[in-house]
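The values are calculated or read from the model by the stated rules, or taken from the named source; none is laboratory data. Computed from a predicted model, the values in this text were never measured in an experiment. Cβ sites come from the backbone with ideal geometry, for glycine too, and all protein chains shown count toward neighbours.
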Amino acid sequence: MKFSNANSKIQALKNVPELAHYLENKRKVYSFDLLSGHSCPFAKNCLSKAVQLDTGKRKIKDGPDTEFRCFSASQEVQYTNVYNLRKGNFDELRTMKTCDDMAYAIAHAMPDNAGIIRIHVGGDFFNFKYFLAWCKVAIDNPNVLFYAYTKSLQFWLRAANVDAIPDNFILTASRGGRLDHLIDEHNMRESVVVYSESEAVDKGLQIDHTDELAAMPSNKNNSFALLVHGTQPKGSEASNALKLLRKNNVKHSYSKKPKKVGEN
Ligand code: SF4
């Protein structure tokens, strides 16, 4: 399994004073990714997958309720190395039967100089054992900060009920999934995809341009907004919103092609 170097959006965490101590002594920000959509059991409005065709090429396949297309699934269609890396991670984890096996494999693959880990630029917690595996990795590495967005809300709630989530594992509920009702029922901290800056203002939410609101432990109980980004289905509300953001020159797209560990 392989971790990836942080993309340009996540790299900006280096400039956040609250997070500086996690990156002392040349420690770095990494992500760990799985195949988008395929590993997201509760995705709904964002659901898209890169699917392999007989020709060897890949194409994007939207789900029945897709309203804003998954950005990382689009990347997996575009970049073969990204697709292969994420598929490799997902395939390997799925062969493991226990939480301990998964935690061991993740910890073994984690770079020694990891300071901050974004779990899943692509992918989600695909079962409870896997969620607990990350809790275990975070408990065993208290000097590393782990953070994740998730639509696998029932795993989060289950783990929280047994106090399995340590302070260095920061979670954000991502609306647009099949379990959205749990966000309201349990008043979970969430990120909301908005189509304009004014929509964020109307909702009383700060926009996170750099992932800092998602990652900072001091913000772990505050919800925030994300501007719609990526490649959206033609003619959709999301696609029209993106056009408008571009026209108005609003910063809304952050990531370049993700790099593999060891790539320059
Ligand atoms: S949950 Fe995240 S990774 Fe999965 S399909 Fe939705 S946006 Fe993509």
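Look through region 39-52, keep the residues that are under 25 Å from Val194 (Cβ atoms) and either among the charged types (D, E, K, R) or touching a Leu at 6+ places or on another chain (Cβ under 8 Å) (or both), and return whichever of them is nearest to the ligand (Cβ to nearest atom).
So, considering only residues that are under 25 Å from Val194 (Cβ atoms) and either among the charged types (D, E, K, R) or touching a Leu at 6+ places or on another chain (Cβ under 8 Å) (or both), the one nearest to the ligand (Cβ to nearest atom) is Cys40.
Would it be correct to say that Ser36 is among the polar types (S, T, N, Q), closer than 15 Å to Arg118 by Cβ, away from the ligand (no atom under 11 Å from the Cβ) and in contact (Cβ under 8 Å) with a residue 24 or more places away in the chain?
When the stated conditions are applied, Ser36 does not pass them.
Only residues in region 164-192 that are over 20 Å from His209 (Cβ atoms) and β-branched (Val, Ile, Thr) count as the first member; pair them with residues that are part of a strand (DSSP E or B) and within 16 Å of the ligand (Cβ to nearest atom), Cβ under 8 angstrom, at least 6 apart or cross-chain, and list the lot.
If the second residue must be part of a strand (DSSP E or B) and within 16 Å of the ligand (Cβ to nearest atom), the pairs left are Ile165/Leu171; Ile183/Ala173; Ile183/Glu190.
Which condition number does Arg118 fail, the rest of (1) touching a Lys or Arg at 6+ places or on another chain (Cβ under 9 Å); (2) buried (at least 24 other Cβ atoms within 10 Å of the Cβ); (3) closer than 15 Å to Pro217 by Cβ being met?
(1)
To keep it simple, each residue is scored yes or no on (1) within 23 Å of Lys151 (Cα to Cα); (2) touching a residue at least 40 places away in the same chain (Cβ under 8 Å).
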residue: Ala20; (1), (2): no, no
residue: Glu24; (1), (2): no, yes
residue: Pro41; (1), (2): yes, yes
residue: Val51; (1), (2): yes, no
residue: Asp54; (1), (2): no, no
residue: Pro64; (1), (2): yes, no
residue: Cys70; (1), (2): yes, yes
residue: Glu92; (1), (2): yes, yes
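Out of region 193-214, which residues are without any contact (Cβ under 8 Å) to a residue 40 or more places away in the chain, under 15 Å from the mean Cα position of the chain (by Cα) and assigned to a loop (DSSP other than H, G, I, E, B)?
Filtering region 193-214 for residues without any contact (Cβ under 8 Å) to a residue 40 or more places away in the chain gives 194, 198-208, 213.
Remaining after also requiring under 15 Å from the mean Cα position of the chain (by Cα): 208, 213.
Residue satisfying the conditions is Asp208 alone.
Only one of (1) away from the ligand (no atom under 11 Å from the Cβ); (2) basic (Lys, Arg); (3) modelled with pLDDT under 95 fails for Arg94. Which number is that?
In the conditions (1) away from the ligand (no atom under 11 Å from the Cβ); (2) basic (Lys, Arg); (3) modelled with pLDDT under 95, Arg94 misses (3) alone.
Can you tell me which residue among Thr66, Thr55 is away from the ligand (no atom under 16 Å from the Cβ) and not in a helix (DSSP H, G or I)? Working first, answer last.
Details: Thr66 fails: away from the ligand (no atom under 16 Å from the Cβ).
Among Thr66, Thr55, only Thr55 is away from the ligand (no atom under 16 Å from the Cβ) and not in a helix (DSSP H, G or I).
Considering every residue within region 169-188, establish whether at least one is at positive phi and either of a type in the set (A, V, I, L, M, F, W, C) or within 16 Å of the ligand (Cβ to nearest atom) (or both).
Yes - at least one qualifying residue is present in region 169-188.
Among the residues of region 97-130, which ones are touching a helix residue (DSSP H, G or I) at 6+ places or on another chain (Cβ under 6 Å) and away from the ligand (no atom under 16 Å from the Cβ)?
Cys99, Met102, Ala103, Ile106, Ala107, Gly115, Ile116, Phe128, Lys129
Within the set of pairs 6+ apart or on separate chains, which have a first residue in region 108-130 that is part of a helix (DSSP H, G or I), a second that is of a type in the set (Phe, Trp, Tyr) and more than 12 Å from the ligand (Cβ to nearest atom), and C-beta atoms under 7 Å apart?
Ala109/Phe3; Phe128/Phe155
Filter region 30-42 for residues that are out of contact with any Lys or Arg (no Cβ under 7 Å at 6 or more places or on another chain) and in a strand (DSSP E or B) and give the result.
Answer for region 30-42, where residues must be out of contact with any Lys or Arg (no Cβ under 7 Å at 6 or more places or on another chain) and in a strand (DSSP E or B): Tyr30, Phe32.
Tell me which of these Asn25 doesn't satisfy, since it passes every other one: (1) more than 27 Å from Ala12 (Cα to Cα); (2) part of a loop (DSSP other than H, G, I, E, B); (3) more than 13 Å from the ligand (Cβ to nearest atom).
Here Asn25 meets the rest and fails (1).
Of all residues being crowded, with 16+ Cβ neighbours inside 10 Å and in contact with a helix residue (DSSP H, G or I) (Cβ under 9 Å, 6 or more places away or on another chain) in region 242-252, which is modelled with the lowest pLDDT? Just the residue, please.
Selected residue: His252.
Among the numbered conditions (1) in contact (Cβ under 8 Å) with a residue 24 or more places away in the chain; (2) buried (at least 19 other Cβ atoms within 10 Å of the Cβ), tell me where Pro217 comes up short.
(2)
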